[in-house]
Amino acid sequence: MFSLNITKNRKQFQLDVCFSALAEIVVLFGPSGSGKTTILNCIAGLEQPDSGEIRLDQQLFFADRHKPLPPQQRKVGYLFQDYALFPHMNVEKNIRYGLPRKDADLRSLLQVLRIEHLLASYPWQISGGEKQRVALARALATEPKLLLLDEPFSALDSETRKQCQDELLRYQQIWNIPFIIVTHDMDEAKKLGDTLIFLENGRIAAIEKKALAHE
């Protein structure tokens, strides 16, 4: 189980949020500047809250009067909005970047994501949907216990976006870990989210549970 209860002062507002997640998809929805990406960054350890607690199962990421757990020890995968693929590396090297074992067997992961045929290609040679799957493979290759996705489909055309949404639902069922997704798209939020969290000026305005969102 993942739980978060934090505050953080921003220039525009004070972030003050509290929520938890099981092995489900949680969608953070709200206008730009409402604190969505800040929440992801605090979970990943790229930013630190001013107070509160972040916990995944028995592991404490952050708590008052405790030293924050370093990002590399959090077992959190992070799919950035622009995918952050290295243009000078081929697909295989991008996926293996940062892995503790360079000879790790990724065959099953590549098969699930259907990108085995792309390993020798470079990012500029593949489509937007393929880049998204490569970035997802890199995030999942570390075997995370939690996956963060920041506007993962915003750069895709509508048809590719729909396909990637369908695939993401399939991936979550396979890996059975919490996914926390940021989006500005209400249709996407309703399609993907088991839990929808609506943010306004750093605070939770409403929470909707969609227990049958994947049915």
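Where a number appears in this text, it was derived from the coordinates with a stated rule and is not lab data. Small disclaimer: the values here were computed from a predicted structure and weren't measured. FYI the Cβ positions are ideal-geometry reconstructions off the backbone, even for glycines, and counts take in every protein chain you see.
Every helix of 4 or more DSSP H residues in the chain counts as -39500 (n - 2.57), and over all residues that averages to -8500 deg cm²/dmol at 222 nm.
Rounded to the nearest 20 debye, the dipole magnitude of the chain is 540 debye, with +1 charges on Lys and Arg beta carbons, -1 on Asp and Glu beta carbons, and the Cα centre as origin. The dipole here belongs to the range 129-193: it is taken about the Cα centre, uses +1 on the Cβ of Lys and Arg and -1 on the Cβ of Asp and Glu, and is about 220 debye. Most simply put, the chain has about 55% antiparallel DSSP beta bridges, counting only bridges with both residues inside it. Net charge in the neighbourhood of Glu24 (other residues with Cβ under 12 Å of its Cβ; Lys, Arg +1, Asp, Glu -1) is +1.
Net charge dipole, the range 156-195: roughly 120 debye, given to the nearest 20, about the Cα centre with Cβ charges of +1 for Lys and Arg and -1 for Asp and Glu. If R0 is taken as 45 Å, the Cβ-Cβ distance between Asp187 and Leu119 corresponds to a FRET efficiency of 0.85. Among beta bridges from DSSP that stay inside the range 140-208, the antiparallel ones total about 55%. In terms of packing, defined here as the mean over residues of other Cβ atoms within 10 angstrom, the peptides 29-36, 171-178 line up highest first as 29-36, 171-178. Legend: translational diffusion of the chain by Stokes-Einstein, Rh = Kirkwood radius over C-alpha pairs, 20 °C, 1.002 mPa s; D = 121 µm²/s. The order of Asp105, Asp82, Asp150, Asp50, going from fewest to most other C-beta atoms within 10 Å of their C-beta, is Asp105, Asp82, Asp50, Asp150. Whole-Hz Karplus values for the range 87-94 come out as x, 8, 10, 6, 4, 4, 5, 4 Hz, taken residue by residue from phi with 6.51 cos²θ - 1.76 cosθ + 1.60 and θ = phi - 60°; glycine and proline positions read x.
Placing a label point 7 Å from the Cα of Asn90 along the Cα-to-Cβ direction, the residues of the range 114-131 with a backbone N closer than 14 Å are 116-126. Taking amide H atoms as placed 1.01 Å from N in the peptide plane, the amide H of Tyr78 lies under 5 Å from those of Leu148, each 5 or more residues away in sequence or on another chain.
Looking at the range 110-215, the trypsin sites (Lys or Arg not before Pro) that sit in a DSSP loop and have at most 13 other Cβ atoms within 10 Å of their own Cβ are Arg114.
3J(HN,Hα) along the range 185-198: 9, 5, 4, 5, 4, 6, 5, 8, x, 6, 10, 10, 10, 9 Hz, from the Karplus curve 6.51 cos²θ - 1.76 cosθ + 1.60 with θ = phi - 60°, whole Hz, x for Gly and Pro. Which log10 I(q)/I(0) values does the range 64-167 give at q = 0.10, 0.17 Å⁻¹ under the Debye formula, counting every alpha carbon as one identical point scatterer? So the normalised log intensities are -0.29, -0.78. Label-to-label distance for Ala104 and Ser127 is 2.7 nm, based on points extended 7 Å past Cα in the beta-carbon direction.
Computed from backbone phi, the HN-Hα couplings of the range 158-174 come to 4, 6, 5, 4, 4, 4, 5, 4, 4, 5, 4, 4, 5, 4, 5, 5, 5 Hz, rounded to whole numbers (Karplus: 6.51 cos²θ - 1.76 cosθ + 1.60, θ = phi - 60°; Gly and Pro given as x). Compared with the alpha-carbon gap, the fully stretched path from Thr7 to Arg203 is longer by 69.6 nm at 0.36 nm per residue. Rg/Rh for the range 1-70: what does it come to with C-alpha atoms and Rh from Kirkwood? My calculation of the ratio gives 0.94.
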